[in-house]
Amino acid sequence: MKLAKVRLADGSIRLASVEDQQVRLLDLARSTSIRSLADILHSENPAATAQRLIDETSEPLPAGAVKFLAPIDSQEVWAAGVTYKRSQVARMEESESGASHYDKVYTAPRPEIFYKGNARRVSGPGEPVRVRYDSSWSVPEPEFTLVASPKGKLVGYTIGNDMSARDIEGENPLYLPQAKVYNQCCGLGPCILLADQPLDRDATKVKLSIHRGGREVFQGETHVGMIVRGFDELIGWLIRENDIPDGAFLLTGTGVVPPDDFSLEEGDSVSIEITGIGTLTNPVVKSAKPV
Ligand code: DO4
Ligand code: MG
């Protein structure tokens, strides 16, 4: 089952299940304990909880009749890095001083995990993602994203865009938080695929397409089977001495890296498609340097 947060034509925000381009609204008033997306995700059986809350009295809506929002409320967003060989190679090329760190972390028992933000920094489908005005080399990072409950249980999957300023990151590894965390630095959505069925990692493709002026200027593809780490392994490291009382999204790293002469520009459109989840598309904004 896929869970989404949607805005209806009357402006109200509702949770919904999505199947075959049909949206079925959930009625939270049917429950005394479920008040939010987090409550569904953190319940014993999220798929059964959502199914129970489907409002059978209302007609299914076509997906085009609602606006999909980022499927997040109180959760934190974290990201793992250098989990694909492609990312290890790209980081070593971009960073003279940091190359050996990227090399080591790819094979070390402890993965790279960093804080990416909260709902305030996240853009849902159709909302802008940002290139920092002080970066001249920025890229999207299309990432298969895990949804973890407060107990560290893997409850779902979604699409994440770990927007990254490669010049700032490459200049000095200590600048990583500034390269990764800023306004509108993360895309999430369009929905959460609940983890109630086993996932075929090799069959789960991650495709990135970037359009400029109506023309595709980059496209690349990988699959989740290329991630060098297990999902439970990554969540295990995330929650080690680090409580996530509201649950968390964990982006699992990028395996698609545009060529080194490519940087996003204002007006570009970034689309990330992941098998079984859908497509997350965001326009890119970049402000002029303030005077
Ligand atoms: O170490 C830099 C960040 C790595 C990253 O974000 C990725 O591999 O996706
Ligand atoms: Mg990344």
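Just to be sure before I move on: is P190 touching a residue at least 24 places away in the same chain (Cβ under 8 Å) and either outside the structural domain of A47 (by TED's automatic domain parsing) or among the basic types (K, R) (or both) in the structure I sent? So that I can check it myself, show each step before the final result.
On the way: touching a residue at least 24 places away in the same chain (Cβ under 8 Å): yes; either outside the structural domain of A47 (by TED's automatic domain parsing) or among the basic types (K, R) (or both): yes.
When the stated conditions are applied, P190 passes them.
Given the structure, is E127 touching a residue at least 40 places away in the same chain (Cβ under 8 Å), assigned to a loop (DSSP other than H, G, I, E, B) and farther than 25 Å from I244 by Cα? Against the criterion (touching a residue at least 40 places away in the same chain (Cβ under 8 Å), assigned to a loop (DSSP other than H, G, I, E, B) and farther than 25 Å from I244 by Cα), E127 qualifies.
Only a single criterion out of (1) assigned to a helix (DSSP H, G or I); (2) under 20 Å from the mean Cα position of the chain (by Cα); (3) over 22 Å from L174 (Cα atoms) is not satisfied by S74, namely (1). Only residues that are away from ligand 1 (no atom under 16 Å from the Cβ) and touching a Phe, Trp or Tyr at 6+ places or on another chain (Cβ under 8 Å): list them for segment 60-113, please. Scanning segment 60-113 gives I72, Q75, E76.
The set of residues in segment 80-119 that are buried (at least 18 other Cβ atoms within 10 Å of the Cβ) and either among the polar types (S, T, N, Q) or assigned by TED's automatic domain parsing to the domain that holds A38 (or both) comprises T83, S87, Q88, S95. Here D261 qualifies as without any contact (Cβ under 8 Å) to a residue 24 or more places away in the chain and over 13 Å from G160 (Cβ atoms). For segment 61-79, the candidate set comprises residues that are free of Cβ contacts under 8 Å to residues at least 60 places away in the same chain and of a type in the set (A, V, I, L, M); within that set, the residue that is surrounded by the fewest Cβ atoms within 10 Å (Cβ to Cβ) is A65.
Highlighted here are the strands (runs of 3 or more DSSP E) found entirely within segment 234-291 that include at least 1 residues which are of a type in the set (F, W, Y) and closer than 30 Å to I40 by Cα: 248-251.
The values are calculated or read from the model by the stated rules, or taken from the named source; none is laboratory data. Keep in mind that this is a model prediction, so the values were computed, not measured. Glycine also receives a Cβ, built like all others from the backbone with ideal geometry; neighbour counts cover every protein chain displayed.
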